[in-house]
Amino acid sequence: MWIREEGPGDADAICTVLRAAFAGSPGAGQLEARTVDSLRLDDALAVSLLADIDGRVAGYVAFSPARPSRDGDAWYVLGPLAVDPADQGHGIGSALVHAGLLALQERQANGCVVLGDPAYYGRFGFVADPLLTLPGAPQGAFQALRFTDAASAGEVVLHPAFGHHEKP
């Protein structure tokens, strides 16, 4: 397996993995695929990695800018993360997350947030952070991983592709 940055011509394979990984979810992966397409079109994919196995895209993760309302520079959101069902359980998702978090740290990010299963994301150091909030997020599912001691706090604003918009 090779973790590499998204390149020209990878968009369709990434969309296929997203649809396969989220086939059992509402929308059957269409929402995740549209989110990534929107981020790509807006040049908002700060880190876009895929797991390549023998020339085949087996997994994908995206990181895009996020902004806490106080001291909100250099924050990112992880998502979506997807692994082809045939390749799940082999550490591909973990490898993608680790590589993405390392890339963010190399960019001197203050931190990363994620909306997801605390049991899964907790193993990377994500925790529910009472100083950072996402309106409408289920209790405990919105988590943060701080890389620095920046005093970032408040409501986190994500790209509109995620459906969390700034208030007018």
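The values are calculated or read from the model by the stated rules, or taken from the named source; none is laboratory data. What you see is a predicted model; the values in this text were computed from it and never measured. Cβ: placed from backbone, ideal geometry, glycine included. Neighbour counts: every protein chain shown. Surface areas here come from the heavy atoms of the whole protein model, side chains and all, with no ligands, DNA or RNA. Shrake-Rupley method; radii C 1.70, N 1.55, O 1.52, S 1.80 Å.
Miscellaneous remarks
- Scan of segment 134-147 for residues that are open to solvent by 50 Å² or more (accessible area, probe 1.4 Å) and at pLDDT below 95, ordered by number: Pro135, Gly136, Pro138, Gln139
- Tally of residues being open to solvent by 100 Å² or more (accessible area, probe 1.4 Å) and either part of a helix (DSSP H, G or I) or among the charged types (D, E, K, R) (or both) across segment 1-11: 1
- Those strands (runs of 3 or more DSSP E) of segment 12-127 in which 1 or more residues are within 13 Å of the chain's Cα centre (by Cα) and surrounded by fewer than 19 Cβ atoms within 10 Å (Cβ to Cβ) occupy 56-70.
- Selection within segment 17-30 - in contact with a Phe, Trp or Tyr (Cβ under 8 Å, 6 or more places away or on another chain) and more than 20 Å from Ile92 (Cα to Cα): Ala28
- Selection from segment 1-23 of residues that are free of Cβ contacts under 8 Å to residues at least 24 places away in the same chain and closer than 15 Å to Arg34 by Cβ: Asp12, Cys15, Arg19
- Condition broken by Ala151, with the remaining ones in (1) within 12 Å of Tyr76 (Cβ to Cβ); (2) in a loop (DSSP other than H, G, I, E, B); (3) open to solvent by 50 Å² or more (accessible area, probe 1.4 Å) satisfied: (1)
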